[in-house]
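Written below as structure tokens is the structure these notes are about.
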Amino acid sequence: MHLDTSPLVGSLAQLRPLEIRQVRRSPEEGLFNALLAQYHYLGYQQPVGAHLKYLLWGAGRPIACAAFGSAARHLGPRDRFIGWSAEARRRNLRFVAYNTRFLILPWVRVPHLASHVLGRLAGRVAADWQSLYGHPLYFLETFVDPARFRGTCYRAANWRVLGRTTGRGHNAPSMRPTRPVKEVLGYPLVAAFRAHLTTA
């Protein structure tokens with residue numbers, strides 16, 4: 001399709017109604033992949049394992065992309081926040097999803113759009129995950145690179161700052177940081193998330 005990249009400026013009300021489309025295994029998946037590859041600073045990587053891809057439309061144009069995948073196996077700030085044992089984590093990690101990518105397309109300039117989209121997605125992803133994979137989600141997690149972003153939209157959408165990564169990969173040969181230190185944020189999808197996730 002021809003992509004209209006002319007500036008899209010206005011209010012959230014002017015952009016509504018927003019349409020959220022889960023595009024994995026759909027004809028629009030190629031567009032989603034191409035938009036992330038071109039406009040997200042991390043590019044596009046084909047997910048491995050369980051994942052969902054969302055393309056958001058407003059004013060008849062694609063305006064945002066978001067992807068969710070399997071959660072990180074070991075993540076200190078999240079693990080301490082949830083309070084689960086190693087056995088409970090092994091058993092229940094499938095109930096946590098990782099927001100791997102979030103992109104508002106660069107020509108879209110709409111105040112409060114990003115936090116609004118995150119809020120809408122939180123209400124949608126659990127149902128789609130249940131439909132596709134046959135089990136619920138209780139918690140979402142993501143990383144923000146504080147050298148690049150402040151994570152304002154996540155905070156405005158009620159995501160909680162859980163701490164920071166060590167900057168060491170799980171298989172790092174030394175105790176020295178080998179990767180950028182990132183902020184870890186989490187979003188409980190149900191009030192009783194701990195009860196669900198700490199059951200061994």
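Somewhere in the stretch 122-137, is a residue within 17 Å of Tyr54 (Cα to Cα), out of contact with any Leu (no Cβ under 8 Å at 6 or more places or on another chain) and surrounded by 20 or more Cβ atoms within 10 Å (Cβ to Cβ)? No, that holds for no residue.
Of the residues Arg90, Arg73, which is surrounded by fewer than 21 Cβ atoms within 10 Å (Cβ to Cβ), part of a helix (DSSP H, G or I) and charged (D, E, K, R)? Checking each option against the conditions leaves just Arg90. From the list Ala126, Ala122, the one residue that fits, being in contact (Cβ under 8 Å) with a residue 60 or more places away in the chain, under 18 Å from Ser70 (Cβ atoms) and either β-branched (Val, Ile, Thr) or touching a strand residue (DSSP E or B) at 6+ places or on another chain (Cβ under 8 Å) (or both), is Ala122. Residue count for the stretch 147-165 satisfying the condition of being farther than 12 Å from Tyr187 by Cα and either of a type in the set (Phe, Trp, Tyr) or in contact with a Lys or Arg (Cβ under 7 Å, 6 or more places away or on another chain) (or both): 3. Please work out if Leu18 is in contact (Cβ under 8 Å) with a residue 12 or more places away in the chain and out of contact with any helix residue (DSSP H, G or I) (no Cβ under 6 Å at 6 or more places or on another chain). Judged against the criteria, Leu18 is a match. Within the stretch 1-54, the set of residues being of a type in the set (D, E, K, R) and outside any loop (DSSP other than H, G, I, E, B) comprises Glu19, Arg21, Glu29, Lys53. Looking across the stretch 13-33, just one residue is basic (Lys, Arg) and farther than 23 Å from Pro47 by Cα, and that is Arg16.
The C-beta contact set for the stretch 33-57 (first residue modelled with pLDDT of 95 or more, second residue charged (D, E, K, R), distance under 6 angstrom, 6+ apart or interchain) comprises Leu36/Arg101; Leu52/Arg24; Leu52/Asp128; Lys53/Arg24; Leu55/Arg21; Leu55/Glu28; Trp57/Glu19. Taking the conditions (1) outside any loop (DSSP other than H, G, I, E, B); (2) over 15 Å from Pro77 (Cβ atoms) in turn, Arg150 satisfies each one other than (1). Are any of the residues in the stretch 163-183 hydrophobic (A, V, I, L, M, F, W, C) and in contact with a Leu (Cβ under 9 Å, 6 or more places away or on another chain)? No, the conditions are met nowhere in the stretch 163-183.
The values are calculated or read from the model by the stated rules, or taken from the named source; none is laboratory data. The model shown is predicted, which means the values in this text are computed figures rather than measured ones. Using ideal geometry, Cβ is built from the backbone for each residue, glycine included, and neighbour counts are taken over all protein chains shown.
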